[in-house]
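First comes the structure, then the notes that go with it.
The values are calculated or read from the model by the stated rules, or taken from the named source; none is laboratory data. Please read these numbers as outputs of a predicted model, since none were measured by experiment. Methodologically, a virtual Cβ is constructed for each residue, glycine included, from the backbone with ideal geometry; neighbour enumeration extends over all protein chains shown. Areas reflect the complete protein model, heavy atoms only, side chains present, ligands, DNA and RNA absent. Shrake-Rupley method; radii C 1.70, N 1.55, O 1.52, S 1.80 Å.
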Amino acid sequence: MTLTVPGFDHVRLPGADGVELAAAVGGSGSPVVLLHGFPQTHLMWRHVAERLADEHTVICPDLRGYGASDKPAATDSGVYAKRTMAADVVTLAAALGHERFALVGHDRGALVAFRAGLDHPETITHLGILDIVPTLDMWNVLHGASAAVGYHLFLMAQPPGLPEAMIAGSADAFFGSFLDAWANDPTAMPEEVRAEYLRASAAAVTSVVADYRASAGIDVMHDQADLDAGSQLAMPVTVVQQDWGAQLGYDAAGVWKAWAPDLDHRLTRAGHFMAEEAPDEITAVIQDLLAR
């Protein structure tokens, strides 16, 4: 049985192009969509979702290719483009009756949220981003020996075949290494939750790699086109991240300011899995964003 947010309904809803997404839905009030990261499922939002549900309708989908959502074959580069995955989210919310909603994403989900904000400014009212920089900027700030922290990005950018075989051959070790290395507080991820992440990730190797491969190709093209056109995020944006700027030698707030004129940029002492390690902090951040 799929673990989900306690007290929420677990449903299947239409995304784009005939893809169906699994989602946990609960609460009532103005809608907030929460998108998970790697190597996780919507379950990562369990604490924050319960807190927000007191005042909001909270929608936590599994991204296409992850968790219990459909995992279409990557027959072309657009299948796992963040533009397509953003269309999934907009379609899913509309199926629930929400033509406008706030959107918060973590890690891979934050890349989808960023793209949704650029592609659907009339739909996304507020945008929350946890622990990323946009795809184009991500590749630009990874250089030299410090880029080793993102070795998985380079591995999964390779042509189909070898990355999938290598990862599938040691899936628990591969995915588990990120759950271990990126957490400041391992106790925030109980064993049954960790096991669910590993089970779901091992069942999705091909689609997870396709998601990452898109970020080394078509996603870069889409970001570059928006940069060249001077496109910016029109809604209030809050970014919370670890101090990656200091670690990798770039101005993180400056990177985000170029995309988001109405920006609240914050650093956290929590680890990468901040929604689980510091749910009260992240809930408060989201509530502050929604009040803008």
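What to note about this one:
- A search for C-beta distances below 6 Å between a residue of the range 23-40 that is modelled with pLDDT of 95 or more and any residue that is among the basic types (Lys, Arg), counting only pairs 6+ apart in sequence or on different chains, returns Gly37/Arg108; Phe38/Arg108.
- Failed condition for Val240, given (1) of a type in the set (A, V, I, L, M, F, W, C); (2) assigned to a helix (DSSP H, G or I); (3) within 19 Å of Arg108 (Cα to Cα): (2)
- Those residues of the range 64-107 which are closer than 24 Å to Val285 by Cα and either of a type outside the set (A, V, I, L, M) or part of a strand (DSSP E or B) (or both), in sequence order: His98, Glu99, Arg100, Phe101, Ala102, Leu103, Val104, Gly105, His106, Asp107
- Considering residues of the range 1-54 that are at positive phi and outside any loop (DSSP other than H, G, I, E, B) only, the residue surrounded by the fewest Cβ atoms within 10 Å (Cβ to Cβ): Gly18
- First in the range 266-287 and open to solvent by less than 40 Å² (accessible area, probe 1.4 Å), second anywhere and among the acidic types (Asp, Glu) and in a helix (DSSP H, G or I), Cβ under 7 Å, 6 or more apart: Thr268/Glu281; Ala270/Glu277; Ala270/Glu281; Gly271/Glu277
- Of the listed requirements (1) on the phi > 0 side of the Ramachandran plot; (2) in contact with a strand residue (DSSP E or B) (Cβ under 8 Å, 6 or more places away or on another chain), Gly161 misses just one: (2).
- Of all the residues in the range 233-253, those that are in contact (Cβ under 8 Å) with a residue 40 or more places away in the chain and either hydrophobic (A, V, I, L, M, F, W, C) or in contact with a Pro (Cβ under 8 Å, 6 or more places away or on another chain) (or both) number 9.
- Selection count where residues are open to solvent by 60 Å² or more (accessible area, probe 1.4 Å), under 24 Å from Asp131 (Cβ atoms) and touching a residue at least 24 places away in the same chain (Cβ under 8 Å), scope the range 159-175: 1
- Residues in the range 58-83 that are open to solvent by 20 Å² or more (accessible area, probe 1.4 Å) and hydroxyl-bearing (Ser, Thr, Tyr) were compared, and the one that is farthest from Thr135 (Cα to Cα) is Thr75.
- A single member of Ala210, Ala246 is hydrophobic (A, V, I, L, M, F, W, C), within 18 Å of Gly37 (Cα to Cα) and assigned to a helix (DSSP H, G or I), and it is Ala210.
Conditions (1) within 27 Å of Thr187 (Cα to Cα); (2) at pLDDT below 95; (3) of a type in the set (A, V, I, L, M, F, W, C), marked per residue:
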| position | (1), (2), (3) |
| --- | --- |
| Val240 | yes, no, yes |
| Ala246 | yes, yes, yes |
| Leu263 | no, no, yes |
| His272 | yes, no, no |
| Asp280 | yes, no, no |
| Leu290 | no, no, yes |
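- Selection status of Leu43, under 25 Å from Ala284 (Cα atoms) and in contact with a Lys or Arg (Cβ under 9 Å, 6 or more places away or on another chain): no
- Residue within the range 91-104 that is surrounded by fewer than 22 Cβ atoms within 10 Å (Cβ to Cβ) and of a type in the set (D, E, K, R) present: yes
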